[in-house]
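Below is one structure, written out as structure tokens; comments come after it.
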Amino acid sequence: MMGERMQTKQQAIQFSETVSGTLRDGVLVVTLDNPPVNAASVDLRQGLLTALRHFPLTQNVKAVVITGAGKAFVGGADIREFGMPQQQPDLRLVTEQIENSARPVIAAINGAALGGGAEIALASHYRIASPGVKIGLPEVKLGLVPGAGGTQRLARLTGIAAALDLIGTGKIIDAGTALALGMIDEIAEGDLLAAALDIAKRPDRKFRRTSELECPVQTGEEIDAAAKKILARSKGVNAPLQAVRLVRQAGNRSFIDGLADERETFIALRDSPEAAALRHVFFAERAAAKVDGLEGVKARTVKTIGIVGLGLMGAGIATAALDGGFTVVGVDRTEEAATAGRSRIEALLARNLASGRIDASGLEDRKLRLTITSDMSTLGVADLVIEAVFDDLDVKSELFSSLDRIVRPDAILATNTSYLNPDEIAAATLHPERILGLHFFSPANVMRLVEVVRCAKTGPDVLATGMALVRKLGKLPVVTGVTEGFIGNRIFSAYRREAEFLLEDGALPQDVDTAMVAYGFPMGPFAVFDMAGLQIAWARRKRDAANRNPEERYVDIADRLCEAGRFGQKSGRGWYLYRDGQRLVDPEVTGMIIEARRRKQIAAREIGANEIVQRLLAAMVDEGHKLLSENIAARAGDIDLVMINGYGFPAHKGGPLYAAGQDISSN
């Protein structure tokens, strides 16, 4: 039975609340309508299955066209259903019904076809897409593999190497790339639905069941190279490894066996701690977009961004703004500094061209939208100005005071300070309500996180504009209140402090780094300190020395390193020795640590990896709880997002506060 909700009236059919159909000259057009992204919910799956199973058999239907309403074909699974009892029908039943249909099924891909949406398309007998479509199988980003035939069907269409690249990385591609790879059959030049109907009616059109195809022939070297690239960056994460295994085996076993293995693997991963942590991150990102006091507040229009200071940070911000489609006016204090800034920006753009992120026309377009000068008055055209000058309160306050006389009354001013109090900077202006912080992370054109600092007098529309701007840059905005270091650097300072305590207590830098890399960080803390350089933190410690509480524990080993000229990787010596591109344990540093213990009469003891991990995570968690109690961070998930996207905390562990509710010592 098709259910009580399925009614026919003037050839309009309602298969479920989210799936409807119309008959057009013998073709059943099935429309999926589950806003906002047409998620493949249980209702959508049931409606699509009903349409495919019953209606073509009872009507004069020659073919079926599946398309989406709005801007998405199917934007993926309904993530809310994960972690719940399995609701039938599962998507594999739908894709099997599509492929086994006695009538040709054409996927008219009108918008994003991600995850389950891509699997619906892959199971169809023909795939035609609008030019602006994005398509991909990003399940590994949620700790999963495709569960409805994606690993087996894609390999048969594109070849194993390309399928490995797409599924193993979760990469999302455009329609042109999908066509070149064989993932789709055609791009519609005009009206998508009209083109799909034409395909359905043409007797000479060849339709294919993907399961009956052989994987395109490729050399073992091609496949091995694609697999090696994925495995090299998947340490500690299971889903990409399983994706590689499933796709590689698509070429040497039956489709049915591959489907069974894929489904079993999908279920095991779906129920794993890794996937649960990544679901937490997924929902935390959506929650971070909801900011108290901004309900119904409209962001201002920003088309031109001014950037003051074109050093490494300013050049990175400028590049990100150009990539986001903005017009950029970059200003530095002298013509020489401005010229050097232009060179930095153009070098970053050239790197994007070489990597294939942009093409030659994209590069030229960005250059046309870029103005570089030493004339501050040019900032009068900017809708929003971001300063990226030296992190000194007097310097920034003087700059903002002068900007008051240059920019339009409706322009927004943003500071990129890492540690200074933006309320004090705002106080130097006539209109503190238009000031906010936009704390980019270096390199700004690459790093995804931006802390959006809500100052005491920041206007709601100004904050909303900052959030909208960051999203348009393709980055993740997380709102923070005002405190030294905001969310991220304040927690990182606690992390650094505990790492140094571990040295006095008996560990060595390499012990600490090895333990944290094994936990899932890309680098241990002392390697990170060396990479960032030790002198900036040293200068800050010297400035704060007079106000330091003498009763609090203080480790001076880092100070001794700096006094000895050991400033990190750039100087060739820091916590480690750097020689011929290698990071080496330095006996001189070990000696300095032993001497520091002797001076304080600390009896060193053996500290295992488990204790190292527990203590460092506990330090982050304790500081995170303080930030929550002080209302600096709105929610625990915001803190997790900052540490994952700004400081390398492993996403598959869910962030420090999420991990605190799990077994944080498990590796």
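Hey, among the residues in the stretch 127-168 that are among the hydroxyl-bearing types (Ser, Thr, Tyr) and open to solvent by 10 Å² or more (accessible area, probe 1.4 Å), which one's nearest to residue 216 (Cα to Cα)? Let's see the steps before the verdict.
Applying the first criterion (among the hydroxyl-bearing types (Ser, Thr, Tyr)) to the stretch 127-168 yields 130, 151, 158.
After this cut, where a residue has to be open to solvent by 10 Å² or more (accessible area, probe 1.4 Å) as well, the list is 130, 158.
Values: 130: 26, 158: 7 Å.
Of everything passing the filter in the stretch 127-168, 158 is nearest to residue 216 (Cα to Cα).
Considering each residue of the stretch 292-325, count those that are more than 13 Å from residue 345 (Cα to Cα) and not in a strand (DSSP E or B), and give that number. Write out each step before concluding.
Kept after step one, since they are more than 13 Å from residue 345 (Cα to Cα), are these residues of the stretch 292-325: 292-306, 308, 324-325.
Still in the list and also not in a strand (DSSP E or B): 292-303, 324-325.
So the count comes out to 14.
For residue 58, which of the numbered conditions (1) touching a residue at least 40 places away in the same chain (Cβ under 8 Å); (2) closer than 30 Å to residue 206 by Cβ; (3) surrounded by fewer than 23 Cβ atoms within 10 Å (Cβ to Cβ) fails to hold?
Answer for residue 58: the failing condition is (1).
How many residues are among the aliphatic types (A, V, I, L, M), over 18 Å from residue 364 (Cβ atoms), open to solvent by less than 10 Å² (accessible area, probe 1.4 Å) and more than 18 Å from the chain's Cα centre (by Cα) if we restrict to the stretch 309-326?
2
Among the numbered criteria (1) closer than 24 Å to residue 484 by Cβ; (2) touching a residue at least 40 places away in the same chain (Cβ under 8 Å); (3) in a loop (DSSP other than H, G, I, E, B), which one does residue 522 miss?
(1)
Restricting the search to the stretch 169-190, which residues are open to solvent by 10 Å² or more (accessible area, probe 1.4 Å) and in contact with a Leu (Cβ under 9 Å, 6 or more places away or on another chain)? I'd like the intermediate steps shown before the answer.
Kept after step one, since they are open to solvent by 10 Å² or more (accessible area, probe 1.4 Å), are these residues of the stretch 169-190: 169, 171-174, 176-177, 179-182, 185-187, 189-190.
Hits for the stretch 169-190 are 171, 172, 173, 181, 182, 185, 186, 187.
Which condition breaks for residue 501 when tested against (1) under 27 Å from the mean Cα position of the chain (by Cα); (2) open to solvent by 10 Å² or more (accessible area, probe 1.4 Å)?
Failing condition for residue 501: (1).
Condition check ((1) within 25 Å of the chain's Cα centre (by Cα); (2) surrounded by fewer than 20 Cβ atoms within 10 Å (Cβ to Cβ); (3) at pLDDT below 95) across all residues:
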site	(1), (2), (3)
203	no, yes, yes
208	no, yes, yes
236	yes, yes, yes
243	yes, no, no
258	no, no, no
262	no, no, no
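Restrict the check to the stretch 344-367 and report whether at least one residue is assigned to a loop (DSSP other than H, G, I, E, B) and within 17 Å of residue 468 (Cα to Cα).
Looking through the stretch 344-367, none of the residues is assigned to a loop (DSSP other than H, G, I, E, B) and within 17 Å of residue 468 (Cα to Cα).
Could you check the stretch 609-665 for helices (runs of 4 or more DSSP H) lying wholly inside it with 3 or more residues that are of a type outside the set (Gly, Ala, Ser), under 28 Å from residue 443 (Cβ atoms) and open to solvent by less than 30 Å² (accessible area, probe 1.4 Å)?
Numbers: elements: 609-629, 636-647, 656-660.
Passing ranges, in order: 609-629, 636-647.
Suppose the filter is in contact (Cβ under 8 Å) with a residue 60 or more places away in the chain and closer than 15 Å to residue 321 by Cα; does residue 441 pass it?
Values: in contact (Cβ under 8 Å) with a residue 60 or more places away in the chain: yes; closer than 15 Å to residue 321 by Cα: yes.
Spelling it out, residue 441 is indeed in contact (Cβ under 8 Å) with a residue 60 or more places away in the chain and closer than 15 Å to residue 321 by Cα.
With the requirement that a residue be surrounded by fewer than 15 Cβ atoms within 10 Å (Cβ to Cβ) and acidic (Asp, Glu), what does the stretch 576-598 give you? Steps first, answer last, please.
Just the residues of the stretch 576-598 that are surrounded by fewer than 15 Cβ atoms within 10 Å (Cβ to Cβ), to begin with: 579-582, 584-585, 587-588, 590-591, 594-595, 598.
Those that are surrounded by fewer than 15 Cβ atoms within 10 Å (Cβ to Cβ) and acidic (Asp, Glu): 580, 588, 595.
Which pairs turn up if I take residues in the stretch 612-635 that are among the polar types (S, T, N, Q) and look for partners that are modelled with pLDDT under 95 and buried (at least 18 other Cβ atoms within 10 Å of the Cβ) with beta carbon separation below 8 Å, at least 6 apart in sequence or on another chain?
Listed by first residue and then by second, the contacts come to 614/664.
Only one residue in 621, 613 is among the β-branched types (Val, Ile, Thr) and over 18 Å from residue 518 (Cα atoms). Which one?
On the way: 613 fails: over 18 Å from residue 518 (Cα atoms).
Going through 621, 613 in turn, the sole match is 621.
Report, by residue number, each residue of the stretch 376-411 that is over 20 Å from residue 450 (Cα atoms), among the β-branched types (Val, Ile, Thr) and open to solvent by 30 Å² or more (accessible area, probe 1.4 Å).
378, 381, 395, 406
Give all pairs with beta carbons closer than 6 Å in which a residue from the stretch 304-326 that is in contact (Cβ under 8 Å) with a residue 40 or more places away in the chain and under 18 Å from residue 380 (Cβ atoms) meets a residue that is open to solvent by 10 Å² or more (accessible area, probe 1.4 Å) and in a helix (DSSP H, G or I); count only pairs at least 6 apart in sequence or on separate chains.
These pairs meet every condition: 304/381.
Between a first residue in the stretch 570-592 that is at positive phi and a second residue that is open to solvent by 80 Å² or more (accessible area, probe 1.4 Å), which pairs have beta carbons less than 8 Å apart while being 6 or more apart in sequence or on different chains?
Cβ pairs passing all conditions: 572/579.
Within the set of pairs 6+ apart or on separate chains, which have a first residue in the stretch 99-118 that is under 13 Å from residue 70 (Cα atoms), a second that is of a type in the set (Ser, Thr, Tyr) and part of a loop (DSSP other than H, G, I, E, B), and C-beta atoms under 6 Å apart?
These pairs meet every condition: 110/130.
Tally the residues that are buried (at least 18 other Cβ atoms within 10 Å of the Cβ), more than 32 Å from the chain's Cα centre (by Cα) and outside any helix (DSSP H, G or I), restricting the search to the stretch 560-575. Give the derivation first.
Residues of the stretch 560-575 buried (at least 18 other Cβ atoms within 10 Å of the Cβ): 561-562, 566-569, 573-575.
Okay, now just the ones that are also more than 32 Å from the chain's Cα centre (by Cα), so 561-562, 566, 573.
Next, only the ones that are outside any helix (DSSP H, G or I) stay: 566, 573.
Qualifying residue count, the stretch 560-575: 2.
State all residues of the stretch 571-598 that are among the basic types (Lys, Arg) and out of contact with any Asp or Glu (no Cβ under 9 Å at 6 or more places or on another chain); if no residue qualifies, say none. Explain how you work it out, then say what you get.
Within the stretch 571-598, the first condition is being among the basic types (Lys, Arg), and the residues that meet it are 573, 579, 583, 597-598.
579, 598 - these are the residues of the stretch 571-598 that are among the basic types (Lys, Arg) and out of contact with any Asp or Glu (no Cβ under 9 Å at 6 or more places or on another chain).
Give me the residue from the stretch 459-476 that is part of a helix (DSSP H, G or I) and open to solvent by less than 20 Å² (accessible area, probe 1.4 Å) and, out of that set, nearest to residue 532 (Cα to Cα). Spell out how you get there, then give the answer.
Narrowing the stretch 459-476 to residues part of a helix (DSSP H, G or I): 460-472.
Applying the additional criterion that residues be open to solvent by less than 20 Å² (accessible area, probe 1.4 Å) yields 462-467, 469-470.
Details: 462: 32, 463: 30, 464: 32, 465: 31, 466: 27, 467: 27, 469: 27, 470: 24 Å.
Per the criteria, the residue is 470.
Given the residues 517, 479, 528, 512, which is the only one that is over 29 Å from residue 415 (Cα atoms), among the aliphatic types (A, V, I, L, M), open to solvent by 10 Å² or more (accessible area, probe 1.4 Å) and within 29 Å of the chain's Cα centre (by Cα)?
Step by step, each of 517, 479, 528, 512 is checked, and only 517 is over 29 Å from residue 415 (Cα atoms), among the aliphatic types (A, V, I, L, M), open to solvent by 10 Å² or more (accessible area, probe 1.4 Å) and within 29 Å of the chain's Cα centre (by Cα).
Which of the following residues is among the charged types (D, E, K, R) and in contact with a Leu (Cβ under 8 Å, 6 or more places away or on another chain): 471, 454?
454
Is one or more of the residues making up the stretch 527-550 under 21 Å from residue 391 (Cα atoms), at pLDDT below 95 and among the polar types (S, T, N, Q)?
Within the stretch 527-550, one or more residues are under 21 Å from residue 391 (Cα atoms), at pLDDT below 95 and among the polar types (S, T, N, Q).
What number of residues within the stretch 201-253 satisfy the criterion of being touching a Leu at 6+ places or on another chain (Cβ under 9 Å), aliphatic (A, V, I, L, M) and either part of a loop (DSSP other than H, G, I, E, B) or farther than 12 Å from residue 163 by Cα (or both)?
So the answer is 5.
The rows are residues; the columns are (1) assigned to a helix (DSSP H, G or I); (2) open to solvent by less than 30 Å² (accessible area, probe 1.4 Å); (3) closer than 20 Å to residue 471 by Cα.
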site	(1), (2), (3)
413	no, yes, yes
419	no, no, no
425	yes, yes, no
430	no, no, no
433	yes, no, no
439	no, yes, yes
446	no, no, yes
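Could you grab me the full set of residues in the stretch 29-53 that are over 28 Å from the mean Cα position of the chain (by Cα), open to solvent by 40 Å² or more (accessible area, probe 1.4 Å) and farther than 19 Å from residue 125 by Cβ?
46
Can you find a residue that is touching an Asp or Glu at 6+ places or on another chain (Cβ under 8 Å) and open to solvent by 20 Å² or more (accessible area, probe 1.4 Å) anywhere in the stretch 327-343? Quick ask: steps written out before the conclusion?
Applying the first criterion (touching an Asp or Glu at 6+ places or on another chain (Cβ under 8 Å)) to the stretch 327-343 yields 331, 338, 340-341.
Pick out the ones that are also open to solvent by 20 Å² or more (accessible area, probe 1.4 Å) and you get 340.
Yes, because at least one residue in the stretch 327-343 is touching an Asp or Glu at 6+ places or on another chain (Cβ under 8 Å) and open to solvent by 20 Å² or more (accessible area, probe 1.4 Å).
The values are calculated or read from the model by the stated rules, or taken from the named source; none is laboratory data. All values reported here derive from a predicted model rather than from experimental measurement. Ideal geometry is used to build each Cβ from the backbone, glycine not excepted, and the neighbour counts take in all protein chains shown. Accessible surface areas use protein heavy atoms only, side chains included; no ligands, DNA or RNA. Shrake-Rupley method; radii C 1.70, N 1.55, O 1.52, S 1.80 Å.
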